[in-house]
1. If residue 109 meets every condition in (1) touching a helix residue (DSSP H, G or I) at 6+ places or on another chain (Cβ under 9 Å); (2) open to solvent by 40 Å² or more (accessible area, probe 1.4 Å); (3) closer than 28 Å to residue 394 by Cβ apart from one, which number is that one?
2. Within segment 175-186, identify whether any single residue is within 30 Å of residue 132 (Cα to Cα) and small (Gly, Ala, Ser), and answer yes or no.
3. With (1) assigned to a loop (DSSP other than H, G, I, E, B); (2) among the β-branched types (Val, Ile, Thr); (3) surrounded by fewer than 24 Cβ atoms within 10 Å (Cβ to Cβ) as the list, and residue 43 as the residue in question, which single condition is left unmet?
4. If we keep just the residues of segment 178-198 that are within 25 Å of residue 118 (Cβ to Cβ) and among the β-branched types (Val, Ile, Thr), which is surrounded by the fewest Cβ atoms within 10 Å (Cβ to Cβ)?
5. Filter segment 199-249 down to the residues that are basic (Lys, Arg) and more than 20 Å from the chain's Cα centre (by Cα), then identify the one that is least open to solvent (accessible area, probe 1.4 Å).
6. I'm trying to understand the selection: among the residues of segment 222-250, which are closer than 25 Å to residue 51 by Cα and either charged (D, E, K, R) or in a loop (DSSP other than H, G, I, E, B) (or both)?
7. Between a residue in segment 335-361 that is closer than 18 Å to residue 220 by Cβ and any residue that is basic (Lys, Arg), which pairs come within a Cβ distance under 7 Å, given they are 6 or more apart or on different chains?
8. Given (1) at pLDDT 90 or above; (2) basic (Lys, Arg); (3) in contact with a Gly (Cβ under 9 Å, 6 or more places away or on another chain); (4) open to solvent by 60 Å² or more (accessible area, probe 1.4 Å), identify the lone condition not met by residue 71.
Amino acid sequence: MTRKIKLGAFLPGGGQHVAAWRHPEAPADGATSFEFHKKLAQTAERGLFDAYFLADNLSVGLGGREGGNAKIAGFEPVTLFAALAPLTTHLGFIATASTTYEEPYTLARKFASLDLLSGGRAGWNVVTSAGDETARNFNRETQPSHAERYERAHEHVETVKALWDSWEDDAFIRDKATGRFFDAGRVHDINHRGKHFSVKGPLNVPRPIQGHPVVVQAGQSEDGRRLAAATAEVIFTAHQNLSSAQEFYRDIKARVQRAGRNPEHVLIMPGVAPFVGRTEEEARSKYDRLNALIVPEDGVALLNGLTGGTLDLTGYPIDGPLPVSQETEGMKSRQALIRKIADEHGFTIRQLYQWIATAGGHYTGVGSVEQVADQLEEWFRNDAADGFNILPPWLPGALDDFVDLVIPELQRRGLFRTAYEGRTLRENLGLPRPANPWSQSRDTVQAAE
């Protein structure tokens with residue numbers, strides 16, 4: 001088959017699982033060890049992953065301070081990826097950056113620089129930062145409303161893209177003989193004036209090698225889906241079963257088409273956290289072993305963070321049901337998903353945090369190599385996924401398991417590449433390079449003449 005699974009690797013150095021840092025194989029300081037991140041990047045490239053992905057928070061976030069897990073502090077992703085890029089040759093780097101608290105100009109130059117430094121392997125994961133804790137780090141007492149954050153995000157992304165296009169691809173002449181460094185007719189002010197931003201431009205970094213770094217988005221609410229359909233090229237998403245993933249996949253593809261975009265140029269990649277063994281029993285043992293390391297306070301803090309920060313479990317028995325929590329202006333889709341998981345399974349508080357401790361609501365697969373590959377193949381072949389964002393529960397062991405066991409099985413089935421297709425992230429994902437609108441306009445005028 002010509003269509004192949006695309007794979008991202010979500011590799012925070014402290015691991016995905018809330019207790020990952022306590023695993024005997026994991027370095028306790030993995031979240032802030034550059035040498036460890038270098039090892040992870042090189043393993044992901046050995047496994048032919050499309051990209052190394054990192055989420056990011058602008059506060060300690062998701063119950064980190066209350067529970068004290070390894071996600072409390074780590075590297076800023078673009079800085080880390082700029083250091084890792086020269087140590088790899090094909091692996092893409094998708095960094096999270098906020099439209100809520102970052103300005104378009106500084107964000108555009110940061111990602112344009114990463115794309116140039118990496119030889120065209122940068123991607124931007126567009127997020128709207130939630131939480132009052134984060135707001136208080138940026139001169140606010142409370143977070144903007146969900147609707148306001150997404151309205152700002154639409155304008156932010158379009159402004160950033162315009163800045164990336166402010167230099168045409170052939171603007172720099174650099175002719176030492178004549179002294180002409182650039183063609184002034186091929187650099188443009190963007191003169192953006194909108195509700196949230198006023199930006200003159202041009203950017204003071206050349207146009208990225210990819211034209212635009214790959215734009216990634218992960219919202220699942222109605223506002224998130226609208227933003228994804230209008231702007232994203234890769235969409236990370238969280239689902240617990242095939243039918244839910246199929247609904248999202250078909251809805252997004254239809255929205256993309258209605259927006260006048262090509263659905264084949266928007267890749268949907270659900271998150272999967274795999275516990276892989278040579279047998280199902282071995283995989284189950286790995287799952288139970290990691291869950292046994294959860295400190296109850298960490299589990300409760302994780303639940304509180306994912307449900308919007310208003311879930312007070314003081315006095316509730318940990319082996320009793322999850323009480324009702326107030327919906328907040330935070331991550332609305334994730335709040336709803338956590339409640340749905342608890343209700344559908346009849347989980348106690350302890351069972352719920354054990355269930356989501358690995359991936360915070362993403363699908364957790366526990367099984368043999370064949371069972372995990374079967375799961376990925378089923379979703380891929382049945383309108384649920386174009387690929388997957390793999391979330392190894394602990395590091396480095398779970399990443400090694402996937403690279404050494406699952407990747408060869410996917411290759412044997414003809415579902416995954418045996419070599420990289422190109423050198424840029426776009427080439428490997430099969431995404432077109434965006435044309436520069438200023439160049440297009442000039443070509444159209446010249447053709448008419």
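The values are calculated or read from the model by the stated rules, or taken from the named source; none is laboratory data. Quick caveat, the model's predicted, so the values are computed rather than measured. Counting neighbours? That spans all protein chains shown, and the Cβs are built from the backbone with ideal geometry, glycine included. Please note that ligands, DNA and RNA were not included when accessible areas were found on the heavy atoms of the full protein model with its side chains. Shrake-Rupley method; radii C 1.70, N 1.55, O 1.52, S 1.80 Å.
1. Every condition holds for residue 109 apart from (3).
2. As a first pass, look at segment 175-186 and keep what is within 30 Å of residue 132 (Cα to Cα): none.
No, the conditions are met nowhere in segment 175-186.
3. (1)
4. Step by step, filter segment 178-198, then rank; the result is 187.
5. Pass one, segment 199-249, residues basic (Lys, Arg): 200, 207, 225-226.
Applying the additional criterion that residues be more than 20 Å from the chain's Cα centre (by Cα) yields 200, 207.
Values: 200: 119, 207: 17 Å².
Among residues in segment 199-249 that are basic (Lys, Arg) and more than 20 Å from the chain's Cα centre (by Cα), the one least open to solvent (accessible area, probe 1.4 Å) is 207.
6. 225, 226, 232, 233, 238, 239, 240, 241, 250
7. Short answer, once both residue conditions are applied: 361/334.
8. Only one criterion is unmet by residue 71, namely (1).
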